[in-house]
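Asks: For reference, the structure I am asking about is given below.
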Amino acid sequence: MPNGTDEDRPWPEELRLRPGGQALAVLFDNGETFEFPAEFLRVESPSAEVKGHGKGQEITVPGKRNVRITQIEPVGNYAVRLVFSDGHMTGLFSWSYLLEIGRKQSSLWQAYLERLRQQGLSRD
C-alpha cells in the first residue's frame, strides 16, 4: 500500500495483534518485520504523557510489565492508535515511528531499563 509521497519509505503491509494483546507484529513491504511487546509500545508511546512537550521532557513510565493492547484503531492512512489495558490511548503510532522504534528496539529497551534502574523504578 504505497503512500504516494515517498516510494522509498517502507510501508506496513500487515499489523497483527498477538493473542491476548501481549504483542503487535508489523510487516513492512521492504521485508522488515518487528514484534513489539505491548509493554515496549506502552513505554515508548509517542504521546505527550510519555514524550513530554519537547526535548528533555521525556517521562519514564514504570509498572507496565503486564499491560496489554486491547484495541487497534486506524488513523487515516498514516498511523494507528493503540488502546492499552491501563486506559492509555493518546499516542498515534505513525508508520515511520513504528519503523524507527523497530529498528532501534534493542537499544531503546536497554535505555528504558537503565532509566528505571537509575530512578529506582520497577516494571511491576
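Asks: Exactly one condition in (1) touching a residue at least 24 places away in the same chain (Cβ under 8 Å); (2) outside any loop (DSSP other than H, G, I, E, B); (3) on the phi < 0 side of the Ramachandran plot is false for Gly20; which is it?
Replies: (3)
Asks: Tell me which of these Gly63 doesn't satisfy, since it passes every other one: (1) in contact with an Asp or Glu (Cβ under 7 Å, 6 or more places away or on another chain); (2) surrounded by 14 or more Cβ atoms within 10 Å (Cβ to Cβ); (3) part of a strand (DSSP E or B).
Replies: (3)
Asks: If you take the residues of the stretch 36-54 that are in contact with a helix residue (DSSP H, G or I) (Cβ under 8 Å, 6 or more places away or on another chain) and in a loop (DSSP other than H, G, I, E, B), which of them is nearest to Thr70 (Cα to Cα)?
Replies: The selected residue is Ser45.
Asks: Kindly provide the set of residues from the stretch 66-90 that are under 10 Å from Ala38 (Cβ atoms), in contact with a strand residue (DSSP E or B) (Cβ under 8 Å, 6 or more places away or on another chain) and exposed (fewer than 15 other Cβ atoms within 10 Å of the Cβ), ordered by number.
Replies: Those that are under 10 Å from Ala38 (Cβ atoms), in contact with a strand residue (DSSP E or B) (Cβ under 8 Å, 6 or more places away or on another chain) and exposed (fewer than 15 other Cβ atoms within 10 Å of the Cβ): none in the stretch 66-90.
Asks: Out of the residues in the stretch 39-60 that are of a type in the set (Gly, Ala, Ser) and touching a Gly at 6+ places or on another chain (Cβ under 6 Å), state the one that is surrounded by the most Cβ atoms within 10 Å (Cβ to Cβ).
Replies: The qualifying residue surrounded by the most Cβ atoms within 10 Å (Cβ to Cβ) is Ser45.
Asks: Being under 14 Å from the mean Cα position of the chain (by Cα) and touching a residue at least 60 places away in the same chain (Cβ under 8 Å) is the filter here; which residues of the stretch 49-80 pass it?
Replies: Val80
Asks: Can you spot a residue in the stretch 100-114 that is surrounded by 12 or more Cβ atoms within 10 Å (Cβ to Cβ) and in a loop (DSSP other than H, G, I, E, B)?
Replies: yes
Asks: Can you spot a residue in the stretch 93-104 that is within 24 Å of Pro19 (Cβ to Cβ), without any contact (Cβ under 8 Å) to a residue 24 or more places away in the chain and not aliphatic (A, V, I, L, M)?
Replies: No, the stretch 93-104 contains no residue that is within 24 Å of Pro19 (Cβ to Cβ), without any contact (Cβ under 8 Å) to a residue 24 or more places away in the chain and not aliphatic (A, V, I, L, M).
Asks: Here is a follow-up. Of the conditions (1) among the charged types (D, E, K, R); (2) assigned to a loop (DSSP other than H, G, I, E, B); (3) free of Cβ contacts under 8 Å to residues at least 60 places away in the same chain, Arg123 satisfies every one except a single condition; which number is it?
Replies: Of everything listed in (1) among the charged types (D, E, K, R); (2) assigned to a loop (DSSP other than H, G, I, E, B); (3) free of Cβ contacts under 8 Å to residues at least 60 places away in the same chain, Arg123 misses just condition (3).
Read-outs: derived from the displayed coordinates by stated rules, not from any lab. Note that the coordinates shown come from a computational prediction; the quantities given were computed from them, not determined experimentally. All Cβ positions, even for glycine, are placed from backbone atoms using ideal geometry, and neighbour counts span all protein chains on display.
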